[in-house]
Amino acid sequence: HGLLLFQLGSATVLLLLVLTMLAQARFIAAEPLGFDRSNRMVLLGVNYGPGQTGKRFQTVQNILRKEPAIRHFTAASAIPSWNYDRSATVKAPDLPMAPEFSAIVLDVAMNFFDGLGAKLVAGRDFDPERGNDRMLTDNPFTVPDVVPVVISREAAKRLVGSNIEDAVGTVISTA
């Protein structure tokens, strides 16, 4: 009888684990990514930064803007969610209780979020009218002490807890 009860208990546990995994898979498939993936194209190797690569980006951007079927064109150092090997340790010096953690860092063009169709959940997007927002791409030899960054929802939660609005305006540093 003991063996039968063990087998029945094991089968029940396995069934519950399979049902839990199925529920998680359905959740992941239904969870919105935060941007519209349809009709998006990514061009790798078209850098947008200052100097010669920035001129190449501007050339490609000008060509693509003439095509009426293309509504947006943007650039980033990598595609979000790709396995990208540029991580940094993030910390908030003004929040001593906030833990340090490793995060992936992407350099993006000014219109990146608009080009993805992504909606920010808090804070503001990059603004070409604000001096520091343009600083890194306008002059490669002048790097300001503070530049605006956009962080993920998960990074905001790690820094300030569940109210991600509290992360807006927080100074963070990377190493």
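The values are calculated or read from the model by the stated rules, or taken from the named source; none is laboratory data. Note that the structure is a prediction, hence the values are computed from the model and not measured. All Cβ positions, glycine included, derive from the backbone under ideal geometry; neighbour counts span all protein chains shown. Side chains are part of the model used for accessible areas, which takes the heavy atoms of the whole protein and leaves out ligands, DNA and RNA. Shrake-Rupley method; radii C 1.70, N 1.55, O 1.52, S 1.80 Å.
Within the range 87-129, the set of residues being open to solvent by less than 50 Å² (accessible area, probe 1.4 Å), outside any loop (DSSP other than H, G, I, E, B) and closer than 20 Å to residue 61 by Cα comprises 108, 112, 113, 115, 116. When the residues of the range 138-157 are filtered to those that are farther than 20 Å from residue 74 by Cα and open to solvent by 70 Å² or more (accessible area, probe 1.4 Å), which remaining residue is modelled with the lowest pLDDT? Looking at the filtered set, the residue picked out is 141. Of the residues in the range 9-26, none is modelled with pLDDT under 95, outside any helix (DSSP H, G or I) and of a type in the set (D, E, K, R). The C-beta contact set for the range 59-70 (first residue among the basic types (Lys, Arg), second residue modelled with pLDDT under 80 and open to solvent by less than 50 Å² (accessible area, probe 1.4 Å), distance under 8 angstrom, 6+ apart or interchain) comprises 65/73.
For the range 85-107, the tally of residues that are free of Cβ contacts under 8 Å to residues at least 60 places away in the same chain and farther than 18 Å from residue 154 by Cα stands at 3. Here residue 135 fulfils each of the conditions (1) outside any loop (DSSP other than H, G, I, E, B); (2) at pLDDT 75 or above; (3) surrounded by 15 or more Cβ atoms within 10 Å (Cβ to Cβ); (4) over 17 Å from the mean Cα position of the chain (by Cα) apart from (2). Considering the conditions (1) of a type in the set (Ser, Thr, Tyr); (2) at pLDDT 80 or above; (3) over 23 Å from residue 166 (Cα atoms), residue 89 is excluded by exactly one of them, (3).
Residue check: residue 66 meets all listed conditions (1) modelled with pLDDT of 80 or more; (2) more than 24 Å from residue 170 (Cβ to Cβ); (3) open to solvent by less than 60 Å² (accessible area, probe 1.4 Å) but one, namely (3).
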